[in-house]
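Novice: My questions all concern the structure below.
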Amino acid sequence: MMEAALRPTALLLAMSWPPSGCSVPDRADPRDLDLEGIDTSPTLVPRDSLTQLARESYDGAALAAPLPPVGRTAPLLRLSRPQRSADELAHRLVVVLPTMGLSLSTHDALDWAETVAGAADTEQPHISEPLPGIVVVYDAGLDDLRITNTTLLDMRTRVDSDEVPWDDARRVARTLVARGIVDVSPTLEGAEVAFVRSGVKGPNGSEERWVDEILFETTPRVDGLAVVDAGLRIGVTPTREVSSVRLTGIVTEPVGTVTLDATAEALRAAFAAYLVESSPPFESIQVEMRRPVYMLDPGANSQLVAPRYLISYSIILRDGDTLVSSRNEATLWSMTSSEPMVEVVLPPG
């Protein structure tokens with residue numbers, strides 16, 4: 001389980017999944033760090049030492065899923081973002097709200113949906129409050145619907161607990177599957193669980209911490225591999241109330257098969273070489289996650305996609321006695337060649 005960093009506020013509208021789950025800028029080089037005043041001379045650290053550091057960081061990833069076996073065939077998919085009608089949007093809202101203990105008339109839901117569907121600026125998410133304290137955010141470009149009950153996150157009830165309310169999250173997921181709102185393949189059995197905690201410090205050094213909500217995140221799978229452009233996230237408070245639901249959709253269409261030829265050692269070596277060639281001399285690398293996925297390129301609405309290996313990491317540089325960390329960076333690697341290469345450098349986030 002993961003724990004969110006200590007925060008001064010309790011309201012969380014964003015989430016970590018999917019990597020493209022928010023509007024992204026034009027593709028940028030994630031090595032575009034603010035290095036002003038930092039000595040990045042290539043003679044500081046021997047190349048062999050950097051290569052070894054990169055390989056060790058790859059091996060020590062916090063979350064790691066292995067490559068599929070060499071020679072395995074996998075579906076080639078066309079991934080497309082759905083364009084939902086006002087009726088579809090209203091139906092999703094009317095179905096999701098009762099799982100959170102809320103309700104909205106079909107008429108009011110349709111009014112909301114028609115406003116969203118008719119919004120002139122589809123580049124920006126539409127934000128509304130159809131019920132007091134209920135914030136609904138919809139990004140049409142990503143088919144990303146987020147509903148948050150802010151009244152449950154106002155810090156009135158401060159509970160610090162490590163209990164994971166699986167039954168409450170499963171109840172929501174089962175309802176959404178039964179009503180056709182989410183695909184049957186996302187289940188909570190392999191969901192990532194994160195505790196979102198807040199806290200305050202007193203004048204005498206004391207500290208009070210509490211849990212805002214426990215997040216359950218899962219994505220649909222094709223042939224056992226996650227489709228990270230889509231997914232379901234459910235937030236439950238320590239008092240077992242559903243505080244948020246997020247749905248992101250994608251249409252998957254099998255169009256053929258590909259053969260996966262990348263070996264684990266080849267990818268490990270290619271990743272290390274890539275970091276040494278494209279990064280300033282680093283103190284260390286922290287690989288947060290690596291796994292095979294299906295994923296659209298940033299900005300793409302429809303695309304033929306073979307499985308690729310997603311690696312998320314941060315570069316740690318030294319500035320005198322201070323360690324400086326980059327933003328989280330990620331790359332997508334080909335798995336259909338015996339010589340893996342970077343296909344996509346994702347915008348840093």
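Yes/no matrix, rows are residues, columns are (1) assigned by TED's automatic domain parsing to the domain that holds L153; (2) modelled with pLDDT under 95; (3) of a type in the set (S, T, N, Q); (4) touching a helix residue (DSSP H, G or I) at 6+ places or on another chain (Cβ under 6 Å):
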residue: G235; (1), (2), (3), (4): yes, no, no, no
residue: E277; (1), (2), (3), (4): no, yes, no, no
residue: P280; (1), (2), (3), (4): no, yes, no, no
residue: E288; (1), (2), (3), (4): no, yes, no, no
residue: A300; (1), (2), (3), (4): no, yes, no, no
residue: P307; (1), (2), (3), (4): no, no, no, no
residue: R318; (1), (2), (3), (4): no, yes, no, no
residue: T322; (1), (2), (3), (4): no, yes, yes, no
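Novice: Additional query: Is it the case, given these coordinates, that T148 is in contact with a Gly (Cβ under 8 Å, 6 or more places away or on another chain) and either in a loop (DSSP other than H, G, I, E, B) or touching a residue at least 40 places away in the same chain (Cβ under 8 Å) (or both)? I'd like the intermediate steps shown before the answer.
Specialist: Details: in contact with a Gly (Cβ under 8 Å, 6 or more places away or on another chain): yes; either in a loop (DSSP other than H, G, I, E, B) or touching a residue at least 40 places away in the same chain (Cβ under 8 Å) (or both): yes.
When the stated conditions are applied, T148 passes them.
Novice: Let me ask you something else. Which one of A191, A230, A270, A300 is touching a Leu at 6+ places or on another chain (Cβ under 9 Å) and within 23 Å of M341 (Cα to Cα)?
Specialist: Values: A191 fails: within 23 Å of M341 (Cα to Cα); A230 fails: within 23 Å of M341 (Cα to Cα); A270 fails: touching a Leu at 6+ places or on another chain (Cβ under 9 Å).
Residue meeting the stated conditions: A300.
Novice: State which residue is farthest from the chain's Cα centre (by Cα) when the search covers only the stretch 33-65 and only residues that are at pLDDT 85 or above and in a loop (DSSP other than H, G, I, E, B).
Specialist: Taking the stretch 33-65 first, the residues at pLDDT 85 or above are 50-65.
Filter once more, so that each one left must be in a loop (DSSP other than H, G, I, E, B): 60-62, 65.
On the way: G60: 20, A61: 17, A62: 15, A65: 16 Å.
Checked the stretch 33-65; the qualifying residue farthest from the chain's Cα centre (by Cα) is G60.
Novice: Another question about this same structure. Is the stretch 99-107 home to any residue that is assigned by TED's automatic domain parsing to the domain that holds E189, on the phi > 0 side of the Ramachandran plot and exposed (fewer than 13 other Cβ atoms within 10 Å of the Cβ)? Lay out the reasoning, then the answer.
Specialist: Of the residues in the stretch 99-107, the ones assigned by TED's automatic domain parsing to the domain that holds E189 are 99-107.
If we keep only those that are on the phi > 0 side of the Ramachandran plot as well, we get 101.
Then keep just the ones that are exposed (fewer than 13 other Cβ atoms within 10 Å of the Cβ); that gives 101.
Yes - at least one qualifying residue is present in the stretch 99-107.
Novice: Quick one: which residue in L152, L188 is within 28 Å of R84 (Cα to Cα) and at pLDDT below 95? Talk me through it step by step, then tell me what you get.
Specialist: On the way: L152 fails: within 28 Å of R84 (Cα to Cα).
Of L152, L188, the one residue that is within 28 Å of R84 (Cα to Cα) and at pLDDT below 95 is L188.
Novice: When you scan the stretch 197-224, how many residues do you find that are among the acidic types (D, E), surrounded by 12 or more Cβ atoms within 10 Å (Cβ to Cβ) and at negative phi? Break it down into steps so the answer makes sense when it comes.
Specialist: Here is the first cut: in the stretch 197-224, the residues among the acidic types (D, E) are 207-208, 212-213, 217, 223.
Imposing the further condition that a residue be surrounded by 12 or more Cβ atoms within 10 Å (Cβ to Cβ) reduces the set to 212-213, 217, 223.
Subset that is at negative phi: 212-213, 217.
Total meeting the criteria: 3.
Novice: Only one of R170, R174, R197 is within 29 Å of D229 (Cβ to Cβ) and in contact with a strand residue (DSSP E or B) (Cβ under 7 Å, 6 or more places away or on another chain); which?
Specialist: Working: R170 fails: in contact with a strand residue (DSSP E or B) (Cβ under 7 Å, 6 or more places away or on another chain); R174 fails: in contact with a strand residue (DSSP E or B) (Cβ under 7 Å, 6 or more places away or on another chain).
R197 is the lone residue from the list that is within 29 Å of D229 (Cβ to Cβ) and in contact with a strand residue (DSSP E or B) (Cβ under 7 Å, 6 or more places away or on another chain).
Novice: Something else: Which count do you get for residues in the stretch 194-207 that are touching an Asp or Glu at 6+ places or on another chain (Cβ under 8 Å) and not in a loop (DSSP other than H, G, I, E, B)? Write out each step before concluding.
Specialist: Residues of the stretch 194-207 that are touching an Asp or Glu at 6+ places or on another chain (Cβ under 8 Å), as a first pass: 194-202.
If we keep only those that are not in a loop (DSSP other than H, G, I, E, B) as well, we get 194-201.
The total comes to 8.
Novice: Here's a follow-up. Tell me yes or no: at least one residue of the stretch 157-177 is closer than 24 Å to V293 by Cα, over 16 Å from the mean Cα position of the chain (by Cα) and assigned to a loop (DSSP other than H, G, I, E, B).
Specialist: Checked against the condition, which is being closer than 24 Å to V293 by Cα, over 16 Å from the mean Cα position of the chain (by Cα) and assigned to a loop (DSSP other than H, G, I, E, B), the stretch 157-177 yields no hits at all.
Novice: Shifting gears a bit: Picking from E253, E283, which residue would you name as being surrounded by fewer than 17 Cβ atoms within 10 Å (Cβ to Cβ) and over 30 Å from T51 (Cα atoms)?
Specialist: On the way: E283 fails: over 30 Å from T51 (Cα atoms).
Just a single option satisfies the conditions, and that option is E253.
Novice: Taking into account only those residues within the stretch 311-331 that are crowded, with 20+ Cβ neighbours inside 10 Å and not hydroxyl-bearing (S, T, Y), which is farthest from the chain's Cα centre (by Cα)? Steps first, answer last, please.
Specialist: The initial filter retains those residues of the stretch 311-331 that are crowded, with 20+ Cβ neighbours inside 10 Å, namely 311-313, 315, 317, 326, 329-331.
From the residues that got through so far, the ones that are not hydroxyl-bearing (S, T, Y) too are 311, 315, 317, 329-330.
Working: I311: 13, I315: 19, L317: 25, E329: 13, A330: 12 Å.
Top of the filtered list is L317.
The values are calculated or read from the model by the stated rules, or taken from the named source; none is laboratory data. As the structure is a computational prediction, the values presented were derived from the model and not from experiment. A quick note on method: Cβ atoms are made from the backbone with ideal geometry, for glycine too, and the neighbour counts reach across all protein chains shown.
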